[in-house]
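Encoded as structure tokens, the structure appears first; notes follow it.
Read-outs throughout are calculated quantities, based only on the coordinates presented, and are distinct from any laboratory measurement. In this text the structure is predicted, and so the values were computed from the model without any measurement. Using ideal geometry, Cβ is built from the backbone for each residue, glycine included, and neighbour counts are taken over all protein chains shown.
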Amino acid sequence: MNAPGAVTRRPRLLPSIVPITAVLAIAAALAVPGFTSGPNLSNVGQQAAMLLMLSMPMTLVIMSEGLDLSAGALLSLCGVVLAKVLVAGAGLPLALLASMGIGLVLGLLNGVLVSVLTLPPFVVTLGTLGIAQGAALVVTDGNAVTGIGPQAASFYALAPLGVPVSLLIALATWGLTHVLLYHTRFGNSVFAIGGHRDALVLAGVRVHLYHIAIYALMGLVVGVTALLLTGRMNSGHPTVAIGMEFDAIAAVVLGGTAFERGDGRLYGTVFGVATIGIVRNALNLMGIESSMQVVSIGVLVIVVIFLDSSRKQKGRAA
Amino acid sequence: MTSTVTTAERSAAGKDPAPLLELREVCKSFPGVRALDGVSMQIHAHEVHMLLGENGAGKSSLIKVLYGAYAADSGEIWCDGRRVHISAPAAARALGIAVIFQEFSLVPYLDIAQNIYLGREPRHRIAGLVDRRRMHAAAREVLGSLELDYDTRTLAVDLGVAQQQMVEIAKALSQDARIVVMDEPTASISDREAEALFRVIRRLREAGVAIVYISHRMKEVFDLGDRITVLRDGRRVASLRAGEATPEALIGMMVGRPVGAVYERQRFPVPGELALEVRGLATDTGVKGVDLNVRAGEIVGLSGLVGAGRTEVARAVFGADPIVAGEVRIFGEPVKGGPETVARRGVGLLPENRKQEGLALLRSVQDNLLSASLWKLFPRGWFKASAARTHAQTMIDALSIATPDARRRVRMLSGGSQQKTVLGKWLSAGCRLFIFDEPTRGIDVGAKAEVFALIEELVAKGAAVLLISSELAEIVHVCDRAYVMRDGSISGELARAELSEQKILWLAMHGAVSHAGAAA
Amino acid sequence: MSRAAQRDIQPRSGLAGLRERLGDEGFAFGLRIILILGIGVFLSASTQGQSFLSTANILNVLRQASLIFLLASGLTLVILAGGFDLSVASNLTLSACLAAGVMKATGSPLLGAAVALGCSTFAGLCNGMAVTLLRLPPFLATYGTLWILQGLAFHYMGGNEIFGFPPAFRLLGTGFVLGIPVPVYLMALVLALGTVVTRHLNIGQEIYAIGANPVAARLSGIPVRRRQLAVYTASGLMAGVAALVYLARVNSADSGIGEPLLLPAIAAILIGGTSLFGGVGSVLGTVAGSVILALVINGMNLLNVKSTWQPLVVGVVLLVAVLADLLSRGRRERIG
Amino acid sequence: MRTWNTLRLAGIVAAVVAPVLIGAQPAHAANERLAAFYKNQVDPHFGLVRGGVEAVVKQMGAGAVTHYAPTRPNNLAEQLSQIEDVSVKRPDAILFMAVDPRGVVPAIEKVNAAGIPVLNYNDRVAGGKYTTYVGADDFKLGLDTGRYALRAIGGEGLVVIIEGVKGSTTSDQRVAGFNKAIEEFPKIKLLASQPGNFQRLPALQVMENLMQAHPRIDMVLAAADAMALGAVEALEAAGRKTAKVVGINGVPEAIAAIKAGRLLATGEFDGYKIGCVAATAALRGLRGQPVPATIILQGTVIDRSNLGPWDVPMDKRVCPKWEEVAR
């Protein structure tokens, strides 16, 4: 082989998650009464929405051999800020702007520390996690922020054509991230930062700029997600989203995105999110105690990364 | 020899049109090394300019200067009759200079088109999105001009070496480079692939591109070359037309340094028992049916061109790569298992790229010196810092490793001292069979001599040494006998009597011993 | 003598030189001591010295640091060897719950302890095998086991708690010997063991070598896989020890005890100057990190600062510690 | 003739259908499906609630009850998902307690819209429609327990409050009660009021630290037993015999501690009773029997003198008589 004359594209390995999701969905549809009902599907959609939003930029972060542990805490902070602004009587747009602003600032902080100071993402974002969570607690003194008026809730309740607005926004985020990743220079640089940073340098690209942008994007999306979160609870809550970053990381990992060489696929993450949503929802519908939900997610993660890694090794051998 | 040079010069200066790029008396030195010593050369359009020289002759430094990675200490670079300063890769690109290094710079999970246009992607007027259709069309066009029918949506990770190389060339062309520098492009590709590469290079030449081509392979030099420049020890030895040269003459120029400039072997102890015996060794890293043996008190060379499979043999013997077929006997015993088993049989490997595989750069000299011998120095498992320290110090003194303190990080040491540290690692482990893989790569001349003195001392003490080297002079001057490899198998064995650089080169290039006589 | 060599043999001055004389860990630890003293001075100043500087309070801080340290000590080894273990906290939860159950059922602390240590060590072993044999990325594999262990704990406890353990056992957490709390002795013991392993055993040297450069370690004939297996197992074992101390200290177990300890444990290690890339750091550093954490929280309680400030302050301390290393060690070293 | 046939037919049909209809009533009653929510599956208080609910479901021969608790303790987002999922599953009735009194309101309103009867128990939710509220008066509990405690130290001394999770009604109400009680005793001085997050270790460590700041502490008012017991452990470890501790809830461990004289007293917030009454109320509602809109369980202060009824394992517990509670 390797004759340089002609090269035909080799089809990429399908992430193991895709068949798994399909099987789970079918099983749930058959075995779990009410799973396929319209309202339930819209529930699954709504519940998956926020996770989907967080997972999209998280995929880019992980593809760039990074990690963002601060996402959950930051989400709580943004939600609180958004609620506070609403309480202060400002309109929804302004509140959203404020929340996105906070998200952007911490995102930039992460990005600068990671890219310019070359600190490991894990450490940096663990630090900003503390900062964001602390800030959220301090501004609220630990209390929920209420009396934010109907705007957020009624916005969240919107369902054009019967599709919950949260799901629409999440899908929009997916679309946007897809365009960014696959149709812009920024996107190519994401692959390159994870895969071969020097190639970018040789190409004379301002790497720091793009690297920081990845984390900034994460922050912005978190800021938007805060709107859905607040709408869903019709209040701001300083600790509500703690741990959500781990769900997002899990979704990305389930989606077959590796922590190295810029090997990642956005739609894989979407399947990862779907799987988590379906599993939790189905187990709830079946009334299985939540301890089993926890175990099943753990098993799922290990099975999937094992399948992916072993198939990759085979792929290399072949 | 000097006469040839001058004639060549005159003829070159006389007939030729103005050169595309000209180097005048370029000098570049590093602490301890004079990498480039007043090198001049002219690069013309419509020409393939062969750059010959042994490792360390200054080829790679020359490339770096051309590419703006190094700034020359002195000397001038002229382009289109203007004096230019190539301060950065960007500047080089602006002048239309593109370099294709041996290790490619492709992003694994981007496709061919994206790699070719990385950072220069064509974009739509509005929205500034990447115009994929235009990008792929352009990529196909560039590849087409190389007669390549690649699906531009293929990911780089799915490409073979040769194909990646083609993509690199396409990348260079896409930047409408007028001067393409190729660093041993055939080093790690098969002959068939090489043929295809040559076709491409000829097309480029037709198209008016100037190609600077670095190679060790005589065949290529004469198949492709229009003009040939030979470097040695950072100096330009000769610059001449391909027609004016013969293989023997060129090899003479490449290696024709006063014998012993590197090192002259003093003692030749009588070979003792079999230290290493390899029969029918085959690996899935490309080694096919290799037989060789090394006796105690012997320095056995393992030569051949880059990519001939020398390193692979070494790794397989050391247990680092799985053995598919054949057997390895060490001091008479057959061995199976990984490095931890083999190492304890008294075998030490000094890998080719010591920074990645030989040393933990961020650890101290002491730590590195002891990392292979803990089990031997402290058999009970109790690590005694004081004993370790004294031992390390004795090693540092014995090998005269240039460091003020055993706690200095290895990263801070010079190449030579680093290499000595790796050697010390195995000395303290009490090895009796040493496998040196390119031990003198990237270290200055003085250190080279030291390293060889150490090697000779080893064998004098009854150790066995397998020496892998691309520097023919080393093999000739240091080894008792040598095996030459080609395409993963042994193409010949030369006893000390018949060891000559010419023969080694012939075996390495043509694989047939019979021509050797003709060459000599 | 070439110029390169000239440059090489000059003894170095400034921070770099100081670091060289102290050695990496020594230098990093020095920084920590300075940080601790800084916090200490600040606190004793702002509490007028009376309550903060009392021996009692210092022992109190140490005791609070001990639990986090015990949990983090094994993890430190894993990280030194270039690995990671997210499952330590849920490992603590499960083994604590099982131990509690067994002690309740049999009334035998020994049996309980045996179960806790056995369970946790086995979990650690499984992590090790997932990483070495299945070659799964450590972060992800242990993330999976995190959920599994937590779920098993939930299932086993079924929402109840188990409390009231034999006084003999309680001594492990609450006892004093010569006026010093037993957990502090344990911390000292583990620190001593950890230091012996990392400093005075070949294994320790090998762990650092593996963390610094696994390829070179393998090509130096170090049994990389076996060592990795060992550190993961050790990490599990220490999670079990921490579980026992937790039980003895708190005198009851429920399925939620471990989760709040995970990030503090990791933070303690990082504040202690151990690098997530492996090969740099020390158990001693982790002690320093744990003490710093406990100190910060203790101080905030003494000053009646609202507990809502704690995460923020911890986050800042973490970043400060890492930045300090950045400035003192320079870019090209391994930090954080 | 025709009419006769018709009548006969009708008679036969009636004869066949009637027993079915009659039998249908209990048969239907026998399989109501309940869904019960909890804040977490960690705190033993909720273990008691669960026990009470299950006991009643058995006694009253209802079909089944499914329990829902967030996998991450007190995780609001997760509880929201669970509510939504349950509203799809459409049980006959939902017994609901909120991780956060306000955050859940929108989700509950959905359930209301879906027409599933929801009963609110354990502590009040800030919004939504509920068939009944079953709970205790947290403020009164705090006040009573506080008074009892402060009297016990003769109405003068130095006091510390350990709060629960900031912002939770349970904690805020109880702490408010504590403070009210403290106001009633001029000679009582409040030294500090720090959160222990309803968990044991945080409370224990807060207590340890407070002891350093305050050489003398006479009484610790903890907003929940878990934290009270944490404080007890801290005090005992430090050998502070003089300081007394009270908690609220009455979990088995607290009862045991009171019996052993380690804990002074605890305000009765009996999960088991709450579970019993809530489940009973829900089932009665489904079976068309009268149920009051609010049932406040009067909590007494449990101390050594009266701990008998609580000093029994859960399976031996008895539910309070409906008539007594539903006043």
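In segment B:107-158, if every C-alpha pair distance is counted and binned at 5 Å from zero, what percent goes to each bin?
5, 23, 28, 24, 14, 5, 1
What translational diffusion coefficient, in µm²/s and rounded to a whole number, does the Stokes-Einstein relation yield for chain D at 4 °C and a viscosity of 1.567 mPa s, taking the hydrodynamic radius as the Kirkwood radius over Cα pairs?
61 µm²/s
Can you list which of the DSSP-assigned H helices in chain D have a Cα extent of 15 Å or more along the long axis and an average Kyte-Doolittle score of at least 0.5?
Span-like helices in chain D: D:2-29, D:225-238, D:271-286.
If you take the charge dipole of chain C about its Cα centre, with +1 on Lys and Arg Cβ and -1 on Asp and Glu Cβ, which of C:Leu146, C:Tyr208, C:Ser66 is farthest toward its positive end?
C:Tyr208
Extending each Cα 7 Å along its Cβ direction at B:Thr285 and D:Asp137, get the distance between those two points in nm, one decimal.
Here the modelled spin labels are 8.2 nm apart.
Please give me the summed charge of the neighbours of C:Lys306: other residues whose Cβ is under 14 Å from its Cβ, Lys and Arg +1, Asp and Glu -1.
-1
For a quick check, take a GNM of chain C with Cα springs below 10 Å and name the residue from C:Val182, C:Val231, C:Val316 with the largest mean-square fluctuation.
C:Val316
Sequence neighbours fewer than 8 away in the same chain don't count; with that in mind, list the lysines whose C-alpha is under 18 Å from D:Lys110.
D:Lys89, D:Lys129
Please give the direction-averaged projected area of the C-alpha convex hull for segment D:138-268, in square nanometres with one decimal. Could the numbers behind the result be given before it?
Values: hull surface 26.1 nm².
Average of the hull's projected areas for segment D:138-268 equals 6.5 nm².
Across bins of 5 angstrom width beginning at 0, how are the C-alpha pair distances of segment B:355-431 distributed, in whole percent?
Each 5 Å bin holds this share of Cα pairs: 3, 18, 32, 26, 15, 5, 1.
Using alpha-carbon pairs under 8 Å, 6+ residues apart, how would you state the relative contact order of chain B in percent?
Dividing the mean separation by the residue count of chain B yields 15 percent.
So what are segment D:33-94's ellipsoid semi-axes, whole angstrom, largest first, if each one is the square root of 5 times an eigenvalue of the alpha-carbon gyration tensor?
Working through the eigenvalues yields semi-axes of 20, 16, 5 Å.
With each pseudo-label sitting 7 Å past Cα toward Cβ, what's the B:Glu25-B:Glu498 distance in nm, one decimal?
Result for the modelled spin labels: 4.9 nm.
Evaluate the charge dipole of segment C:55-326 about its Cα centre and quote only its size in Debye, nearest 20, assuming +1 on the Cβ of each Lys and Arg and -1 on the Cβ of each Asp and Glu.
Roughly 320 debye, rounded to the nearest 20.
How long are the semi-axes of the equivalent ellipsoid of segment C:286-331, defined as square roots of 5 times the Cα gyration tensor eigenvalues? Whole Å, largest first. Don't jump to the answer; show the numbers that get you there.
Details: eigenvalues 116, 27, 9 Å².
With the √(5λ) rule applied to segment C:286-331, the semi-axes are 24, 12, 7 Å.
Have a look at D:Val160, D:Val49, D:Val134 and tell me which one the Gaussian network model of chain D (Cα, springs below 10 Å) gives the largest fluctuation.
D:Val160
What order, most packed first, do the peptides C:73-79, A:261-267, D:141-147 have when packing is the mean number of other Cβ atoms within 10 Å of each residue?
The peptides rank, most packed first, as C:73-79, D:141-147, A:261-267.
Per residue, what volume in Å³ does the Cα convex hull of segment B:374-480 take up?
About 107 Å³ per residue, rounded to a whole number.
Ordered by packing density, taken as the mean number of other Cβ atoms within 10 Å over each peptide's residues, highest first, how do B:380-393, D:226-239 rank?
Answer by packing, highest mean first, reads D:226-239, B:380-393.
Once every DSSP H run of n ≥ 4 in chain D is given -39500 (n - 2.57) and the sum is divided by its residues, what mean residue ellipticity at 222 nm do you get, rounded to the nearest 500 deg cm²/dmol?
On the way: 11 runs with 155 residues, N = 327.
It comes out at -15500 deg cm²/dmol, rounded to the nearest 500.
Semi-axes of the equivalent ellipsoid for the protein assembly as shown, please: Cα gyration tensor eigenvalues, times 5, square-rooted, ordered largest first, whole Å. Numbers along the way, then the final one.
Details: eigenvalues 973, 293, 166 Å².
Over the Cα atoms of the protein assembly as shown, the semi-axes work out to 70, 38, 29 Å.
Given points 7 Å out from each Cα along the Cα-Cβ axis, report the A:Ile288 to C:His200 separation in nanometres with one decimal.
Those two pseudo-labels are separated by 5.2 nm.
Would you list the membrane-span-like helices of chain B, meaning whole DSSP H runs whose alpha-carbon atoms span at least 18 Å along their axis and whose mean Kyte-Doolittle value is at least 0.5?
Details: long enough: B:2-15 (20 Å, -0.51); B:132-145 (19 Å, -0.76); B:161-174 (19 Å, 0.38); B:191-206 (22 Å, -0.86); B:385-398 (19 Å, -0.11); B:415-428 (20 Å, -0.53); B:445-460 (23 Å, 1.24).
Helices meeting the span and hydropathy rule in chain B are B:445-460.
Per residue of D:98-106, count partner chain C-beta atoms within 10 Å of its C-beta, then hand back the mean as an integer.
Taking all residues of D:98-106 together, the mean is 6.
For chain B, what does the helix formula give at 222 nm: sum of -39500 (n - 2.57) over DSSP H segments with n ≥ 4, over the residue count, nearest 500 deg cm²/dmol?
Values: 19 runs with 185 residues, N = 520.
-10500 deg cm²/dmol, from helical runs alone.
Which order results if C:Arg218, D:Arg317 are arranged by neighbouring Cβ count within 10 Å, fewest first?
With the sparsest Cβ surroundings first, the list reads D:Arg317, C:Arg218.
Once amide H atoms are placed 1.01 Å from N in the peptide plane, what residues at a sequence separation of 5 or more from D:Val134, or on another chain, have their amide H within under 5 Å of its amide H?
Distant-sequence amide H within range of D:Val134: D:Asn120, D:Tyr121, D:Asn122, D:Ile295.
I'd like to compare D:182-194, D:274-286: which one has the highest average count of other Cβ atoms within 10 Å, and what's the full order after that?
My ranking of the peptides, most packed first, is D:274-286, D:182-194.
Per residue, how big is the convex hull of segment A:48-242 when only Cα atoms are used? Give it in Å³.
In segment A:48-242, the Cα hull volume divided by residue count equals 103 Å³.
Of B:Ile100, C:Gly158, C:Asn301, which is farthest along the charge dipole of the protein assembly as shown in the positive direction, counting Lys and Arg as +1 and Asp and Glu as -1 at C-beta?
Toward the positive end, the furthest listed residue is C:Asn301.
Treating only the Cβ of Lys, Arg, Asp and Glu as charged (+1, +1, -1, -1), what charge dipole size does chain B show about its Cα centre? Round to the nearest 20 debye.
Using only the charged Cβ atoms, the result is roughly 1360 debye.
Please get the size of the charge dipole for the protein assembly as shown, origin at its Cα centre, with Cβ charges of +1 on Lys and Arg and -1 on Asp and Glu, quoted in debye to the nearest 20.
Result for the protein assembly as shown is approximately 1020 debye, rounded to the nearest 20.
What does the average come to when, for each residue of peptide C:55-64, you count the partner chain Cβ atoms lying within 10 Å of its Cβ? If you can, show how the numbers build up before the last one.
Numbers: counts 0, 5, 5, 1, 1, 8, 3, 0, 3, 5.
That average works out to 3.
Could you go through segment A:50-55 in sequence order and give the Karplus-derived ³J(HN,Hα) for each residue, using 6.51 cos²θ - 1.76 cosθ + 1.60 with θ = phi - 60°, rounded to whole Hz, and x for Gly and Pro?
Couplings: 5, 4, 4, 4, 5, 6 Hz.
Provide, in order from the shortest bin, the percent of all Cα-Cα pairs of chain B in each 20 Å bin, continuing until the bin that contains the maximum pair distance.
21, 51, 27, 2
Would you work out which of A:Gly262, C:Leu247, C:Thr76 lies farthest towards the positive end of the dipole of the protein assembly as shown, given +1 charges on the beta-carbon of Lys and Arg and -1 on that of Asp and Glu, about the Cα centre?
C:Leu247
With runs of 4+ DSSP H residues as the only contributors, calculate the mean residue ellipticity of chain A at 222 nm using -39,500 (n - 2.57) per run, divided by the residue total and rounded to the nearest 500.
Taken over chain A, the calculation gives -24500 deg cm²/dmol.
With springs only between Cα atoms under 10 Å, which of A:Ile131, A:Ile26, A:Ile193 fluctuates most in a Gaussian network model of chain A?
A:Ile26
Dividing the alpha-carbon radius of gyration of segment C:55-326 by 2.2 N^0.38 Å (N being the number of residues), what value is obtained?
Compared with the compact-globule rule of thumb, segment C:55-326 sits at 0.98.
Just counting partner chain Cβ atoms within 10 Å, what average do the residues of peptide B:18-29 show around their Cβ?
Counting other chains' Cβ atoms within 10 Å and averaging over B:18-29 gives 0.
With both bridge residues required to lie in chain D, what share of the DSSP beta bridges run antiparallel, to the nearest 5%?
DSSP beta bridges in chain D are roughly 5 percent antiparallel.
Out of residues 5 or more away from B:Arg123 or on other chains, whose amide H comes under 5 Å of its own, with H placed 1.01 Å from N in the peptide plane?
Long-range HN contacts for B:Arg123: B:Asp131.
Considering all alpha-carbon pairs of segment C:76-122, what whole percent are spaced by more than 11 angstrom?
Tail of P(r) above 11 Å: 65 percent of Cα pairs.
I'd like the Karplus ³J(HN,Hα) series for segment D:315-325: coefficients 6.51, -1.76, 1.60, θ = phi - 60°, whole numbers in Hz, and an x wherever there's a Gly or Pro.
Coupling constants for segment D:315-325: 5, 8, 4, 10, 6, x, 5, 3, 4, 5, 7 Hz.
Given the pairs B:Lys64/B:Lys448; B:Lys64/B:Lys461; D:Lys189/D:Lys259; B:Lys59/B:Lys336, which span a C-alpha to C-alpha distance of over 31 angstrom in this model? Intermediate results must be reported in sequence, preceding the final value.
Numbers: B:Lys64/B:Lys448 23 Å; B:Lys64/B:Lys461 42 Å; D:Lys189/D:Lys259 28 Å; B:Lys59/B:Lys336 41 Å.
Check vs 31 Å cut-off fails for B:Lys64/B:Lys461; B:Lys59/B:Lys336.
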